[in-house]
1. Across segment A:243-270, what is the total count of residues that are closer than 22 Å to A:SER101 by Cβ and free of Cβ contacts under 8 Å to residues at least 40 places away in the same chain?
2. Listed residues A:GLY261, A:GLY218; which is surrounded by fewer than 16 Cβ atoms within 10 Å (Cβ to Cβ), modelled with pLDDT under 95 and on the phi > 0 side of the Ramachandran plot?
3. What is the residue count in segment A:230-278 for residues that are assigned to a strand (DSSP E or B) and either within 15 Å of RNA strand B (Cβ to nearest atom) or among the β-branched types (Val, Ile, Thr) (or both)?
4. May I ask you to list the residues in segment A:291-308 that are assigned to a loop (DSSP other than H, G, I, E, B), within 13 Å of RNA strand B (Cβ to nearest atom) and surrounded by 24 or more Cβ atoms within 10 Å (Cβ to Cβ)?
5. Would you pick out the residues in segment A:328-341 that are in contact (Cβ under 8 Å) with a residue 12 or more places away in the chain and near RNA strand B (Cβ under 7 Å from one of its atoms)?
6. Residue check: is A:PRO38 under 23 Å from A:GLY273 (Cβ atoms), of a type outside the set (A, V, I, L, M, F, W, C) and within 16 Å of RNA strand B (Cβ to nearest atom)?
7. Which members of segment A:43-84 meet the condition of being in a helix (DSSP H, G or I) and over 17 Å from A:SER101 (Cα atoms)?
8. Of these, A:ALA357, A:ALA392, A:ALA374, A:ALA352, which one is farther than 27 Å from A:ILE259 by Cα, part of a helix (DSSP H, G or I), under 24 Å from the mean Cα position of the chain (by Cα) and more than 9 Å from RNA strand B (Cβ to nearest atom)?
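The values are calculated or read from the model by the stated rules, or taken from the named source; none is laboratory data. Owing to the predicted nature of the structure, the values given are computational and were not obtained by experimental measurement. Neighbour counts are summed over all protein chains in view; Cβ atoms, including those assigned to glycine, are modelled from backbone coordinates with ideal geometry.
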Amino acid sequence: MSKANSDKGFSFAINHAADSGLARVGTISTPHGDIQTPAFIPVGTKATVKTVLPEAMENLGAQALLSNAYHLYLQPGPDVLDEAGGLGSFMNWDKPTFTDSGGFQVLSLGVGFKKVLAMDAQTFRSDQVIAKNKERLAHVDDEGVTFKSHLDGSMHRFTAEVSMQIQHKLGADIMFAFDECTTLHNTRPYQELAMSRTYDWAIRCLDEHKRLTDSRVGKPYQALFGVIQGAQYEDLRKKAASDLGTMSSSGVEFDGFGIGGALDKDSLGTIVGWVNSTLPQEKPKHLLGIGAPEDLFVGVENGVDTFDCVLASRIARTSAVYTMEGRFNVSNKPFIRDFNPIDDECDCYTCANYSRAYLCHLFRAKEMVAGTLATIHNERFIVRLVDQMRQALIDGTFQDMKKEFMGRYKHKSGQARD
RNA sequence: GUGGGCGUAGCUCAGCUGGUAGAGCACUCGGUUGUGGUCCGAGAUGUCGCGGGUUCGAGCCCCGUCGUUCACC
């Protein structure tokens, strides 16, 4: 049992460590309540999980939500959320909240290509991830990032200080340091350059965080997580983890850590293992942007405590749904007359009340509740899967559970049943 | 009744001076990992209204015919 930072209203306790390896079960305590880890944190980028009401997110077991500083800065602006009493109050969510720094978005939405967080080698080779006639909208320098708004083209600039100021106004319980997210396309020298910037920005985030924490008297404590970069390189990842793991500035250190950047899907576990075995064991680790079922197992067994990912909700909006047998597109023709639930092993609201045929109809008719019902299902599926991993860790059956799941879960399935 | 226009993929239409057909949407199926409810990718689809003729060759030219539409009586 270890506990860190319990005097500030934020703490992390490890309740159970796996017999071997990095996996553990813990509790993150925040001013807005606890998060039992490992946990999947659904994403509500613009202060809403797209298509779903906060009550529904609570009912499906979400312990916290993650929003984004870049998006909320552009619209409606951090002052509005500050006046509203913070992100949670604004969106009627009284449980814990996270905000991402915007470091990823100023680049991924602007620099000219889609960032890819985890990819297989085949995808990497294809040209679909390469810029295609897109205007370069962002410029990175040692001080920060200058970028154009994707909404109206206006110019803006984020620095470590700006990101911290925005995130303090947004008021989430857990914030992330401003970092430079690279891709697998970047050269090793560029990765080193970006990592050294992220290091400098991490110090500046701690300094600004300390200044803002002291100046915003009476506000609930907001925790700050440093972000580990270093791409696919073992020495860079371990150096980043070592540097940020021991970093202290203005008398404060990071409350936890995010693992970011480009990750080859096949080496996800290896990279996360390098990082988590180097970082201080007693602090929580968040794996940024990863959430495919098979990747969650790999993350958990390599010591990840929390995840966030848009995948479940994004694919839900275009009709892809998860089941224990694999994922499939419920809008496909075979499901027009399939009156079974999406997954009859699922305990979600959608599966309890609606059929594949109904969802198939809603998607084909382009009705908005299609996205709502599919998102509720997919978010429940992923939240529950990680909850089950947590229980399996406690029971000492994690590897059995993983083997059983991976044996059944096929990426392509979707046979209609009668 | 007379004159003109138009009949090409399920829909709306492109097809230059003749070389056996394309687009968008729809449809079928993939994809989407710190969210631009977007987008990307792949695929299927035609007796070019019908019947003759000219030509080596006709969706394109000629004749007839059917349908449709407009104008004028």
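1. 3
2. Exactly one residue qualifies, and that residue is A:GLY218.
3. Selection size over segment A:230-278: 7.
4. A:GLY291, A:VAL304, listed by residue number.
5. A:PHE328, A:ASN329, A:SER331, A:ASN332, A:PRO334
6. In short, yes.
7. A:PRO54, A:GLU55, A:ALA56, A:MET57, A:GLU58, A:ASN59, A:VAL80, A:GLU83 - these are the residues of segment A:43-84 that are in a helix (DSSP H, G or I) and over 17 Å from A:SER101 (Cα atoms).
8. Checking each option against the conditions leaves just A:ALA374.
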